[in-house]
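Here's the structure we're looking at; comments come further down.
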Amino acid sequence: MAKITIVFGVLLAALGVVFFVMTGSAHKTALIPTWFGLVLILSGVLANTENAKQRMLWMHIAVTAGLLGFLFPGIRALIMIAKVNKAGLVLGSGAATAVQEEIFMSVICLVFTAMCVRSFIQARVLRKA
């Protein structure tokens, strides 16, 4: 699971950089997924060990970051869509770009969190057996 964490971290980091470049490097908030990605990469690297306690600690940190990376952008995107829904989001506008990035980040983090929870459940079942 540590290697998968690194992969998802790289995906988030790339997402942030792509959207930062898409905004003309003007909006530093477009890099927020990159920071979450760096947390996942660091957690994945540190979890890649034979020490079970250390691996559990870093994977729990990673899944917490993944859960936060799902909730906050997802809720923010839903609020933005609800507010702007009457006027409509213009494709290519700053608001539409931000919402797109938030949705992408939220989906990536949701998939990562679901995979982690599944892995945690399997590890617990194997430990009891």
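The values are calculated or read from the model by the stated rules, or taken from the named source; none is laboratory data. Since the model is a prediction, treat every value here as computed from it, not as a measurement. Methodologically, a virtual Cβ is constructed for each residue, glycine included, from the backbone with ideal geometry; neighbour enumeration extends over all protein chains shown.
When you look at THR5, is it of a type in the set (S, T, N, Q), assigned to a loop (DSSP other than H, G, I, E, B) and under 30 Å from LEU126 (Cβ atoms), yes or no?
So THR5 fails the test.
When PHE70 is evaluated against the numbered criteria (1) under 13 Å from the mean Cα position of the chain (by Cα); (2) at pLDDT below 95, which criterion, by number, is the only one it fails?
(2)
Taking the options SER106, SER25, name whichever one is at pLDDT below 90 and either loosely packed, with under 14 Cβ neighbours inside 10 Å or assigned to a helix (DSSP H, G or I) (or both).
SER25
Between LEU68, LEU46, which is closer than 14 Å to ALA2 by Cα, among the hydrophobic types (A, V, I, L, M, F, W, C) and in a helix (DSSP H, G or I)?
Values: LEU68 fails: closer than 14 Å to ALA2 by Cα.
Result: LEU46 is the single residue among LEU68, LEU46 that is closer than 14 Å to ALA2 by Cα, among the hydrophobic types (A, V, I, L, M, F, W, C) and in a helix (DSSP H, G or I).
Can you tell me which of (1) buried (at least 20 other Cβ atoms within 10 Å of the Cβ); (2) of a type in the set (A, V, I, L, M); (3) over 14 Å from ALA62 (Cα atoms) is the one LEU40 doesn't meet?
Just one mismatch for LEU40, condition (3).
If ILE61 meets every condition in (1) over 19 Å from the mean Cα position of the chain (by Cα); (2) within 18 Å of SER119 (Cα to Cα) apart from one, which number is that one?
(1)
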